[in-house]
Amino acid sequence: MTDQSKIPLPPEFGKSTGPSLIERASGSFDFRTLTRPVLPDLPPAPQPTIAPVAAPRPVAAAVVESPREEPSPAPAARPFAGPRHKIDRAHLREQCLIEPESAVTGTLEEFRIVKRQLLRTAAESADAVAKRILIASAHPGEGKTFCAVNLALSIAAEKDNEVLLVDADFAKPSVLSTLGLPGGKGLMDALADPALNVEDCVIGTDVAGLYVLPAGNATGSDTEYLASARTEDVLARLTANAPNRIVIFDSPPVLAASPAIVLANHVGQTVVVVRADMTGEAALRDAVGLLGACADIKLLLNGTRFSTTGRRFGTYYGYKE
Ligand SMILES: Nc1ncnc2c1ncn2[C@@H]1O[C@H](COP(=O)(O)OP(=O)(O)OP(=O)(O)O)[C@@H](O)[C@H]1O
Ligand SMILES: [Mg+2]
């Protein structure tokens with residue numbers, strides 16, 4: 001993912017002490033040489049911006065218990081019944097996010113490539129849980145929300161899919177402000193209150209195929225609610241009777257908060273965002289290990305400022321000889 005803007009980096013950026021990772025090591029750093037690859041059939045050259053990650057290390061017993069061991073019966077389906085709001089396209093543009101129904105940009109092209117791999121995995125898997133995709137990263141500010149929102153906007157444009165973007169960063173939710181949507185009840189409220197239907201918390205938008213589930217009110221026991229048996233029931237309701245719906249979870253930093261580690265039990269794919277020149281190898285390995293409950297972990301390199309192969313996505317459209 002190319003660095004798209006002059007948006008000032010958050011203050012945490014300057015504090016990174018780990019060694020710079022992929023951008024400077026481009027061409028010489030290969031996770032597959034270090035441990036067994038999850039997707040051994042991929043060609044040696046990594047796919048653009050997203051690469052297979054080695055099989056994760058075993059995770060501490062406290063975080064690997066899978067609530068999916070005994071599948072719950074299919075929940076009674078209800079249509080999404082929350083409010084519907086307009087998304088301000090100019091607000092998206094200001095943040096270098098994909099602008100629906102607009103001209104092709106580099107960001108749009110890059111996320112087209114990323115989403116294609118995720119959608120292929122979702123379509124080919126017999127397990128519906130492959131349609132749940134967790135966006136995670138080791139540290140704050142590496143681009144999780146940027147990637148989660150862009151990915152959701154990109155998938156919403158699909159002819160055969162719709163997308164539900166879930167804000168699972170309960171302590172510091174930012175999906176609503178990023179999209180310019182008003183607050184409302186959300187996932188944590190539905191987990192904490194069995195009388196509340198999660199479908200009623202889902203916000204519809206004027207972007208065709210895009211739905212948003214806010215984080216809801218933080219409780220002080222967020223991780224415990226998330227780790228409870230009710231979570232799988234609530235998540236199953238989000239895709240009940242909607243086989244073409246992809247669910248994307250934005251999450252807090254893996255090395256700073258526990259929700260992503262718990263959510264890894266409930267998703268079929270995890271995208272770990274790696275910020276060029278910021279994410280250190282040790283932190284990345286630690287984060288991938290902690291997310292080990294998800295068997296399919298992919299890396300997404302974000303914020304690159306150059307390409308060794310001359311990639312310039314988005315420059316081809318409009319070009320005519
Ligand atoms: N490829 C990119 N091009 C331009 N700006 C980017 C890019 N990736 C991230 N940003 C910007 O960097 C800042 C941090 O990104 P973001 O909020 O997505 O990080 P995060 O990982 O979600 O952080 P947190 O863990 O604090 O929630 C934001 O201002 C975002 O718009
Ligand atoms: Mg974020």
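The values are calculated or read from the model by the stated rules, or taken from the named source; none is laboratory data. Just so we're clear, the structure is a prediction, and the values are computed from it rather than from any experiment. Here the Cβ is made from the backbone with ideal geometry for all residues, glycine too, and neighbour counts use every protein chain on show. Please note that ligands, DNA and RNA were not included when accessible areas were found on the heavy atoms of the full protein model with its side chains. Shrake-Rupley method; radii C 1.70, N 1.55, O 1.52, S 1.80 Å.
Below are the figures for this structure:
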quantity	calculated
Any chance T231 is among the polar types (S, T, N, Q) and buried (at least 19 other Cβ atoms within 10 Å of the Cβ)	yes
Complete set of residues in the range 199-219 that are over 19 Å from G268 (Cβ atoms), crowded, with 18+ Cβ neighbours inside 10 Å and not hydroxyl-bearing (S, T, Y)	E199, C201, V202, I203, V207, G209, L210, V212, P214, A215, G216
Sole residue being within 16 Å of ligand 1 (Cβ to nearest atom), open to solvent by 10 Å² or more (accessible area, probe 1.4 Å), among the hydrophobic types (A, V, I, L, M, F, W, C) and touching a strand residue (DSSP E or B) at 6+ places or on another chain (Cβ under 6 Å), chosen from L291, L301, L263, L255	L301
Where G186 falls short, out of the listed (1) touching a strand residue (DSSP E or B) at 6+ places or on another chain (Cβ under 9 Å); (2) surrounded by fewer than 21 Cβ atoms within 10 Å (Cβ to Cβ)	(2)
Meets criteria (within 16 Å of ligand 1 (Cβ to nearest atom) and open to solvent by less than 10 Å² (accessible area, probe 1.4 Å)) for V175	yes
Unmet requirement for L153, which otherwise passes all of (1) part of a loop (DSSP other than H, G, I, E, B); (2) open to solvent by less than 30 Å² (accessible area, probe 1.4 Å); (3) within 16 Å of ligand 1 (Cβ to nearest atom)	(1)
Set D222, D286, D250: member being open to solvent by 50 Å² or more (accessible area, probe 1.4 Å) and within 16 Å of ligand 1 (Cβ to nearest atom)	D286
Test: A130 is away from ligand 1 (no atom under 13 Å from the Cβ), more than 18 Å from L291 (Cα to Cα) and among the aliphatic types (A, V, I, L, M)	no
Search result, residues across the range 117-148 that are among the β-branched types (V, I, T) and more than 16 Å from ligand 2 (Cβ to nearest atom)	T121, V129
Residues of the range 170-195 that turn out to be without any contact (Cβ under 8 Å) to a residue 12 or more places away in the chain and closer than 25 Å to D206 by Cα, as a count	1
Long-range neighbours under 7 Å by Cβ, at least six apart or interchain, first residue farther than 19 Å from V247 by Cα within the range 219-234, second assigned to a helix (DSSP H, G or I) and hydroxyl-bearing (S, T, Y)	T219/Y225
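This table checks each residue for (1) over 17 Å from L165 (Cβ atoms); (2) in a loop (DSSP other than H, G, I, E, B); (3) open to solvent by less than 20 Å² (accessible area, probe 1.4 Å).
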| position | (1), (2), (3) |
| --- | --- |
| E101 | yes, yes, no |
| V104 | yes, yes, no |
| E109 | yes, no, no |
| A122 | no, no, yes |
| A126 | yes, yes, no |
| I133 | no, no, yes |
| E142 | yes, yes, yes |
| F146 | no, no, no |
